[in-house]
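Student: The structure is given below, and queries will be raised subsequently.
The values are calculated or read from the model by the stated rules, or taken from the named source; none is laboratory data. None of the values given here were measured: they were computed from a predicted structure. Reconstructed Cβ throughout: ideal geometry from the backbone, glycine too, with neighbour counts over all protein chains shown.
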Amino acid sequence: MRSSSRRSLISPPQRSLGALKGIALSLFVSLGSASATPARDLGPLTPPSLPERALESGDAQWFIAQVNRGLRAAYVASSKAQWANLTDLTPEHEAEAAARAAETMSYLSAVIPLASRFDGVKTDALTRRQLTLLKRGSTLPAPKDAEAQKRLAELSTALESMYGKGKTCRVVEDPKDPDHGRERCRDLEQLEEVMRSSDDYTTLEQAWEDWRLTAREMRPLYAEQVSLINRGAQQVGFKDVGELWRSQYDMSPELFEAQMEQLWSQVEPLYQALHCHVRAALHQKYGAELVPLDQAIPAHLTGNMWAQDWSKLYSLVAPFPKRSSLDVTSALRAKGFTPKSLTRFAERFFTSLGLDPLPDTFWTRSLFEKPSDREVVCHASAWDVEFNNDLRLKMCVKIDHEDLITLHHELGHHYYFQSYYTLPILLQEGANDGFHEGIGDTLALSVTPSYLHSAGVLPEASEHPEAVLNEQMRMGLEKLSFLPFGLLVDMWRWRVFKGDVPAEGYNELWWSLRERFQGVRPPHARAPEDFDPGAKYHVPGNTPYMRYFIAHILQFQLHRALCQRSGHKGPLYTCSIYGSREAGAALRELLALGASKPWPEALKVVTGTEELDASAIIDYFAPLKAYLDEQNQGRRCGW
Ligand SMILES: [Zn+2]
C-alpha cells in the first residue's frame with residue numbers, strides 16, 4: 001500500500017510492500033532443497049534461525065527465501081487490517097491494524113540483525129541485493145534488547161498519536177465570533193482550514209501558533225527515541241540513523257548529501273525569484289511593518305501550515321487575473337463524470353501508453369466515494385492489498401481539476417505495483433523512495449490543456465501566452481515553493497541524529513534552516529519549550545522526507561526524457577506523452593525493475609543518465625522565470 005496524492009506531503013505515506021505468492025513460494029522450494037540448511041516448516045512469522053557454523057551462499061538464499069515468506073505473511077495481514085480500518089473506522093478495526101503492525105515490526109527487528117551475519121559471505125547478486133535492502137530497510141531501527149524495543153514501540157506510538165490527536169483549546173475572544181466567550185478546541189483539520197481560508201494576519205498567526213502548541217510535549221519523547229534508534233542503527237553497522245537513511249540511496253551517505261545540495265543549488269535561483277515576487281505581493285497586502293522587503297516572509301502567510309505549498313496565494317500573484325484560467329472543473333461536471341468514470345478516464349492515459357488495463361477487481365474493491373453509513377479516511381491512497389495485483393484505490397473522488405490530477409498520480413502508484421508484483425517481496429519497492437511518488441506526478445505533468453482538449457474534455461486549449469503564464473504561476477506556487485522545505489526537513493534530522501545539537505537546541509536549528517532555505521521566519525519569537533519540527537507529521541511519524549524533494553526534481557527529469565522519446569517538439573511545458581507507445585515502453589521497463597537494481601540504473605532506462613538533474617524543472621518553468629525576473633527588476637531579492 002502506499003498513501004499518495006499530492007496531499008501526502010501532509011499525511012503519512014505508508015510503506016509499499018508486496019509479492020507474488022507463486023514466485024516467492026517457488027523460490028523458497030527450489031532454494032530450500034539446494035540449501036545446506038534443512039528447510040523446517042516454521043510458521044511464517046517465526047524468524048528463521050541460522051546455524052552457528054560459518055555461513056555459505058546456500059544459507060543466504062535460504063534465509064532470504066524465508067524472510068520473503070515471513071514478510072509476505074506479515075505485510076498481507078497488516079495491509080488487510082489497515083484497509084479494513086481506513087475504509088470502516090471502528091475501535092476493533094483500529095486495534096487489529098495496530099496489532100498486525102506491531103507483529104510486522106517485531107518480525108523485522110528480529111530478522112534485520114540476522115542479515116548482517118551474511119556480510120562477507122559470497123552469494124549471487126539478487127540475494128546480495130535483498131540482503132542489502134533488508135539491512136537498510138528499517139527507518140526505525142530497534143536496538144537488540146527487548147526492554148529497549150518495548151520502550152521504542154511505546155515512544156513511536158505515543159508520538160504518532162500525539163500528532164493525530166493534537167488539539168489546542170482557548171477561549172474565543174473575537175466578539176464577532178458566534179462562539180465568543182466560550183472555549184473552543186481546534187484540531188489540525190480545522191486549523192488548516194483557517195490557514196487556507198483566512199487572510200487576516202492575526203487570525204492566521206493564532207491558528208499557526210495553536211498547531212505548534214500541540215508539539216511542545218513531544219520533545220523529550222522525540223529526544224529519547226533518537227537515542228534509542230541511534231543505538232539500533234549502530235548495532236547494524238551505521239554511525240547513526242541519519243547515515244542509515246542516507247545509505248538507502250545506493251551510494252555513500254556523503255555523496256548522497258552532496259548530490260542533494262548540488263540539486264538545490266541548481267533550483268535555488270528559481271525559488272528565490274518566486275520568493276521575491278510573492279514577498280512583494282504580501283508586502284503590498286499586509287504593509288511594510290508586517291512584511292518588510294528585506295526580511296524572510298512570516299511563515300503563517302502562505303496559506304499552508306508549513307509554508308510548503310503556496311497555491312492559495314494564486315489570486316494575489318496571478319499574472320493576468322482578467323484572463324480566466326482554464327475551467328477544467330466546469331468542463332468535467334458538464335460532461336457528467338462520476339467518480340468511477342473519472343477514474344476510467346485517468347486509466348485511459350496509462351493504457352494509451354501501451355500499459356495493461358487495471359484488473360477487474362480494482363473496479364469492484366476500490367472505494368471511490370465517501371460512504372454514508374460509516375466513517376472512512378478520505379485521504380487518497382493507492383494499494384495492492386494482497387500483494388498479488390490486488391490493486392485498490394481509496395479516495396473520495398470529487399469531480400474537479402485537482403482530483404483529476406490526483407487520480408493520475410494515484411494510478412502512477414498502481415501501475416508501479418502492477419509492474420513489479422511478481423518480484424520477491426523485498427524487491428517490491430520503487431527504485432528509491434522518491435520514484436514511487438515521482439512516477440505519478442510525472443504522468444500528471446502530461447495532463448495538459450491540449451491533452452484535455454484532444455480527450456474531449458475542454459472545448460478549446462488556449463495556448464495564449466497569458467494563459468500559459470497563469471498556468472505556470474499556478475504550478476510554480478505548488479511545486480517550486482515546496483523545494484526548500486522538501487530539502488530541509490531531513491537536513492535538520494540528519495544533524496539531530498548525528499548528535500550535533502542537544503534537545504534544547506532542536507528548535508533553533510529548525511528555524512535557522514527554515515530561514516536559510518525557505519526564507520520564512522516565525523511571526524513571533526519562539527519559546528524555549530517549543531518544538532516546531534514536531535508539528536510536521538513526518539517528524540513524530542518518523543518518515544524520511546528527502547524522497548519528496550527527489551520526487552519533485554525527478555518528475556520533471558523523467559517527463560522531459562519521456563517527451564523526447566515520444567517525439568515531442570517545442571517547449572517542455574506543452575508536452576503530453578499521451579498515446580506514445582515509445583514513452584510507455586521505457587516507462588514500463590523502469591517500473592518492472594522495482595528495487596532490483598540500484599536506482600541510477602533504473603533512471604538510466606528512461607533518461608540515459610545515472611545522475612539526478614534539475615535542469616528539466618528549470619526548462620519547464622522557463623516562461624515563469626522570465627516573467628518573474630522582469631517583475632523583480634529593481635527589487636532587492638533575498639533575505
Ligand atoms: Zn503518491
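Matching residues to (1) more than 30 Å from residue 612 (Cβ to Cβ); (2) crowded, with 16+ Cβ neighbours inside 10 Å; (3) at pLDDT 95 or above:
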residue	(1), (2), (3)
162	yes, yes, no
167	yes, no, no
172	yes, no, no
187	yes, no, no
197	yes, no, no
218	yes, yes, yes
233	no, yes, no
240	no, yes, yes
252	no, no, no
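Student: Continuing with the same structure: Under the condition of being in a helix (DSSP H, G or I) and in contact with a His (Cβ under 9 Å, 6 or more places away or on another chain), which residue from segment 563-582 is nearest to residue 348 (Cα to Cα)? Don't jump to the end; show me each part of the working.
Tutor: Of segment 563-582, the ones in a helix (DSSP H, G or I) are 563-565, 572-574, 581-582.
Adding the requirement that they be in contact with a His (Cβ under 9 Å, 6 or more places away or on another chain) leaves 572, 574.
Values: 572: 22, 574: 20 Å.
The extreme case among them is 574.
Student: What's the number of the condition residue 466 fails, among (1) surrounded by fewer than 17 Cβ atoms within 10 Å (Cβ to Cβ); (2) farther than 22 Å from residue 274 by Cα; (3) at pLDDT below 95?
Tutor: It fails just one condition, (2).
Student: Could you tell me whether segment 74-90 includes any residue that is free of Cβ contacts under 8 Å to residues at least 60 places away in the same chain and out of contact with any Asp or Glu (no Cβ under 9 Å at 6 or more places or on another chain)?
Tutor: no
Student: So how many residues does segment 599-632 have that are crowded, with 22+ Cβ neighbours inside 10 Å and of a type in the set (Ser, Thr, Tyr)?
Tutor: Residues in segment 599-632 being crowded, with 22+ Cβ neighbours inside 10 Å and of a type in the set (Ser, Thr, Tyr): 2 in total.
Student: For segment 328-356, give me the residue count where each residue is part of a loop (DSSP other than H, G, I, E, B) and in contact (Cβ under 8 Å) with a residue 12 or more places away in the chain.
Tutor: Number satisfying all stated conditions: 7.
Student: Can you tell me which residues in segment 587-598 are surrounded by 23 or more Cβ atoms within 10 Å (Cβ to Cβ) and assigned to a helix (DSSP H, G or I)?
Tutor: Hits for segment 587-598 are 587, 590, 591.
Student: Right, here's the next one. Filter segment 120-139 for residues that are assigned to a loop (DSSP other than H, G, I, E, B) and either closer than 13 Å to residue 235 by Cβ or of a type in the set (Val, Ile, Thr) (or both) and give the result.
Tutor: 121, 123, 138, 139
Student: A further question on this structure: With the requirement that a residue be within 21 Å of residue 44 (Cα to Cα) and small (Gly, Ala, Ser), what does segment 98-141 give you?
Tutor: 98, 99, 101, 102, 106, 109, 110, 115, 116, 137, 138
Student: On to the next question. Suppose the filter is among the polar types (S, T, N, Q) and farther than 21 Å from residue 228 by Cβ; does residue 132 pass it?
Tutor: So residue 132 passes the test.
Student: Residue pairs, Cβ under 7 Å, 6 or more apart or interchain, first in segment 435-446 and under 13 Å from residue 547 (Cα atoms) and among the aliphatic types (A, V, I, L, M), second assigned to a helix (DSSP H, G or I) and near the ligand (Cβ under 9 Å from one of its atoms). List them.
Tutor: Note: pairs meeting the criteria are 439/412.
Conditions tested, residue by residue: (1) within 16 Å of the ligand (Cβ to nearest atom); (2) within 30 Å of residue 478 (Cβ to Cβ); (3) modelled with pLDDT of 80 or more; (4) loosely packed, with under 15 Cβ neighbours inside 10 Å.
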| position | (1), (2), (3), (4) |
| --- | --- |
| 6 | yes, yes, no, no |
| 19 | no, no, no, no |
| 34 | no, no, no, yes |
| 41 | no, no, no, yes |
| 51 | no, no, yes, yes |
| 68 | no, no, yes, no |
| 76 | no, no, yes, no |
| 95 | no, no, yes, yes |
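Student: Would you confirm whether or not segment 476-496 contains a residue that is more than 30 Å from residue 227 (Cβ to Cβ) and either among the basic types (Lys, Arg) or without any contact (Cβ under 8 Å) to a residue 24 or more places away in the chain (or both)?
Tutor: Within segment 476-496, one or more residues are more than 30 Å from residue 227 (Cβ to Cβ) and either among the basic types (Lys, Arg) or without any contact (Cβ under 8 Å) to a residue 24 or more places away in the chain (or both).
Student: So, one more: Can you find a residue in segment 501-512 that is under 23 Å from residue 575 (Cα atoms), more than 26 Å from the chain's Cα centre (by Cα), away from the ligand (no atom under 15 Å from the Cβ) and part of a helix (DSSP H, G or I)?
Tutor: no
Student: So residue 452 ticks every box in (1) within 24 Å of residue 334 (Cβ to Cβ); (2) within 15 Å of the ligand (Cβ to nearest atom) but one. Which box is left unticked?
Tutor: Among (1) within 24 Å of residue 334 (Cβ to Cβ); (2) within 15 Å of the ligand (Cβ to nearest atom), residue 452 violates only (2).
Student: Quick check on segment 533-541. Is at least one of its residues touching a residue at least 24 places away in the same chain (Cβ under 8 Å), closer than 15 Å to residue 442 by Cβ and touching a Phe, Trp or Tyr at 6+ places or on another chain (Cβ under 9 Å)? Give the steps one after another, and end with the answer.
Tutor: Start the filter on segment 533-541 by keeping residues that are touching a residue at least 24 places away in the same chain (Cβ under 8 Å), which leaves 533-541.
Filter again for closer than 15 Å to residue 442 by Cβ, leaving none.
Checked against the condition, which is being touching a residue at least 24 places away in the same chain (Cβ under 8 Å), closer than 15 Å to residue 442 by Cβ and touching a Phe, Trp or Tyr at 6+ places or on another chain (Cβ under 9 Å), segment 533-541 yields no hits at all.
Student: Of the residues that sit in segment 383-440 and are more than 14 Å from the chain's Cα centre (by Cα) and among the β-branched types (Val, Ile, Thr), which one is farthest from the ligand (Cβ to nearest atom)?
Tutor: Among those that are more than 14 Å from the chain's Cα centre (by Cα) and among the β-branched types (Val, Ile, Thr), it is 422.
Student: Looking at segment 280-311, which of the residues that are touching a strand residue (DSSP E or B) at 6+ places or on another chain (Cβ under 8 Å) and part of a loop (DSSP other than H, G, I, E, B) is farthest from residue 487 (Cα to Cα)?
Tutor: Only one residue tops the list, namely 290.
Student: Taking residue 422 as the residue in question, decide whether it is part of a helix (DSSP H, G or I), touching a helix residue (DSSP H, G or I) at 6+ places or on another chain (Cβ under 9 Å) and β-branched (Val, Ile, Thr).
Tutor: So residue 422 does not fit the description; no.
Student: Is it true that some residue in segment 566-576 is modelled with pLDDT of 95 or more, among the aliphatic types (A, V, I, L, M) and out of contact with any Phe, Trp or Tyr (no Cβ under 7 Å at 6 or more places or on another chain)?
Tutor: No, segment 566-576 has no match at all.
Student: Search segment 185-202 for residues being assigned to a helix (DSSP H, G or I) and in contact (Cβ under 8 Å) with a residue 12 or more places away in the chain, and hand back the single one that is nearest to residue 314 (Cα to Cα).
Tutor: Residues of segment 185-202 that are assigned to a helix (DSSP H, G or I), as a first pass: 188-197, 201-202.
Those still in the list that are in contact (Cβ under 8 Å) with a residue 12 or more places away in the chain too: 188, 191-192, 194-196, 201.
On the way: 188: 23, 191: 20, 192: 17, 194: 17, 195: 14, 196: 12, 201: 18 Å.
Looking at residues that are assigned to a helix (DSSP H, G or I) and in contact (Cβ under 8 Å) with a residue 12 or more places away in the chain, I get 196.
Student: Still on this structure, please answer the following. Please list, ordered by residue number, the helices (runs of 4 or more DSSP H) wholly in segment 438-500 having 3 or more residues that are more than 28 Å from residue 590 (Cβ to Cβ).
Tutor: Values: elements: 449-454, 465-479, 483-498.
Ranges flagged: 465-479, 483-498.
Student: Has segment 498-507 got at least one residue that is touching an Asp or Glu at 6+ places or on another chain (Cβ under 6 Å) and surrounded by fewer than 23 Cβ atoms within 10 Å (Cβ to Cβ)?
Tutor: Yes, some residue in segment 498-507 is touching an Asp or Glu at 6+ places or on another chain (Cβ under 6 Å) and surrounded by fewer than 23 Cβ atoms within 10 Å (Cβ to Cβ).
Student: Could I ask something else about it? Outside any helix (DSSP H, G or I), closer than 30 Å to residue 141 by Cα and not polar (S, T, N, Q) - does that describe any residue in segment 251-272?
Tutor: Yes, because at least one residue in segment 251-272 is outside any helix (DSSP H, G or I), closer than 30 Å to residue 141 by Cα and not polar (S, T, N, Q).
Student: Could you list, in sequence order, all residues of segment 573-595 that are out of contact with any Lys or Arg (no Cβ under 6 Å at 6 or more places or on another chain) and more than 19 Å from residue 455 (Cα to Cα)?
Tutor: Residues satisfying the conditions are 585, 587, 588, 589, 590, 591, 592, 593, 594, 595.
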